[in-house]
Amino acid sequence: ATSRHRKAHSVLRHLETMEVTLKTEVEAGASGFSVKGGGNEGIFIKKVLKESPASKIFSLREGDQLLSATVFFDNIKYEDALKILQYSEPYRVQFSLKRKIAVQEDLEHSSAHFLRILSGIVYFT
C-alpha cells in the first residue's frame, strides 16, 4: 500500500471512532424510528424509516445513542404531562422553570442553590 493510501485509511479509522453530541431542532411529531438497548448499555436508534420525521427533521441515524429527550409542556394536556412526569420519576431529570419573583425579594435567599441568567431566562440549578 502506498503512503497516501495508509494516510487515508488512518483518517477513516479515526473518523469511525469519533463521537459528537448533537442537538436537533425543536419540532413536533418525532415518529418513524425504533430504539434498542436500555439499562447500562444506553438507548440507541435501531431503525429509521426513510422520509419519516425522524429522518428528515431530526436527522436520526441508525446507531445514534439517544442521550436525552426534551418534552415541552406548552399546550400539553394535563394527563399527558402527568404520565410523562410519573414515568420519569426513577430517572435523572432536569427541569426548565419559569418563576415569578417579587422585585424586592432578595435573590441570594431564593430556594435555588445557584442562579444563572442567560438570554433573559432565569435558570435555577
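The values are calculated or read from the model by the stated rules, or taken from the named source; none is laboratory data. Note that the structure is a prediction, hence the values are computed from the model and not measured. With ideal geometry, Cβ positions are generated from the backbone for all residues, glycine too; neighbour counts draw on all protein chains shown.
Is it fair to say S55 is at pLDDT 90 or above and either of a type in the set (S, T, N, Q) or surrounded by 12 or more Cβ atoms within 10 Å (Cβ to Cβ) (or both)?
Criteria not met by S55.
For the stretch 40-52, give me the residue count where each residue is surrounded by 14 or more Cβ atoms within 10 Å (Cβ to Cβ) and either of a type in the set (V, I, T) or out of contact with any Gly (no Cβ under 6 Å at 6 or more places or on another chain) (or both).
Of the residues in the stretch 40-52, 3 are surrounded by 14 or more Cβ atoms within 10 Å (Cβ to Cβ) and either of a type in the set (V, I, T) or out of contact with any Gly (no Cβ under 6 Å at 6 or more places or on another chain) (or both).
Here are L115, L66: which of them is at pLDDT 90 or above and either surrounded by 10 or more Cβ atoms within 10 Å (Cβ to Cβ) or touching a Lys or Arg at 6+ places or on another chain (Cβ under 7 Å) (or both)? Steps first, please.
Numbers: L115 fails: at pLDDT 90 or above.
The conditions single out L66.
Go through the stretch 37-91 and count every residue that is β-branched (V, I, T), within 23 Å of M18 (Cα to Cα) and over 16 Å from the mean Cα position of the chain (by Cα).
Qualifying residue count, the stretch 37-91: 1.
Assess whether V11 counts as being outside any loop (DSSP other than H, G, I, E, B), exposed (fewer than 12 other Cβ atoms within 10 Å of the Cβ), among the aliphatic types (A, V, I, L, M) and at pLDDT below 90. Full working, then the answer.
Working: outside any loop (DSSP other than H, G, I, E, B): yes; exposed (fewer than 12 other Cβ atoms within 10 Å of the Cβ): yes; among the aliphatic types (A, V, I, L, M): yes; at pLDDT below 90: yes.
In short, yes.
In the stretch 22-77, how many are polar (S, T, N, Q), under 24 Å from P90 (Cβ atoms) and touching a Leu at 6+ places or on another chain (Cβ under 7 Å)?
Adding up the residues that qualify gives 0.
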